[in-house]
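See structure below.
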Amino acid sequence: MGIAKCEQDDHHHEKDGKNQSALGGVLAKVARCCDRMSVILAQSVDMSIENFAEPFKDYISLSSSMKKILLNRERALETHELALSIRGKKETSLNAIKASTTDKHTIEVATAALENAQNNVDETQQELKEITNSALNEKKRFKVEKQKVSIK
């Protein structure tokens, strides 16, 4: 391809070759072709490096965002497990109160505490689901984006 390009361009530069000997003209053509081919090769290498480096930047970005999401998920999981533990203690406490007293106010306070603990469990579980979905959506988004790029 490079030689054909050189020969095509040489028809435009015939004037240069007329004043040189036959061997000098051939060597001049070879030199011009080599110069053009080195430029084309350099451009090709630059494009290859760019095409090679860009996906790595994307994977690094994905890794960074996934790391943040997974750290948030880990914290949310710990919070959810703590909420479950607190709810269990409130439930045990309510059962102990019901077994030991008939005071309605004390039972109502313990029941309200258990309901609050259950609400907290529900909230932390919802947060955990949202973070998990966020991680899965990020992975899907990256995959779709890479497929679009590879199609181009």
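Along the charge dipole of the range 30-152, which of SER93, SER44, ALA83 sits closest to the positive end, that is, farthest toward it, with unit charges on the beta carbon of Lys, Arg, Asp and Glu (+1, +1, -1, -1)? Farthest along the dipole direction, towards plus: SER44. The length gained on full extension between ALA99 and SER63, counted as 0.36 nm times the residue separation minus their Cα-Cα distance, comes to 7.6 nm. With the dipole of the range 50-152 worked out from charges on the C-beta (+1 for Lys and Arg, -1 for Asp and Glu) around the Cα centre, which of MET66, VAL144, ALA110 lies farthest toward the positive end? Towards the positive end, the residue furthest out is VAL144.
Of the whole protein surface, LYS90 contributes about 80 Å² of accessible area at a 1.4 Å probe radius. Between LEU41 and GLU145, the modelled labels are 3.6 nm apart [label points 7 Å from Cα along Cα→Cβ].
The values are calculated or read from the model by the stated rules, or taken from the named source; none is laboratory data. As the structure is a computational prediction, the values presented were derived from the model and not from experiment. Here the Cβ is made from the backbone with ideal geometry for all residues, glycine too, and neighbour counts use every protein chain on show. Side chains are part of the model used for accessible areas, which takes the heavy atoms of the whole protein and leaves out ligands, DNA and RNA. Shrake-Rupley method; radii C 1.70, N 1.55, O 1.52, S 1.80 Å.
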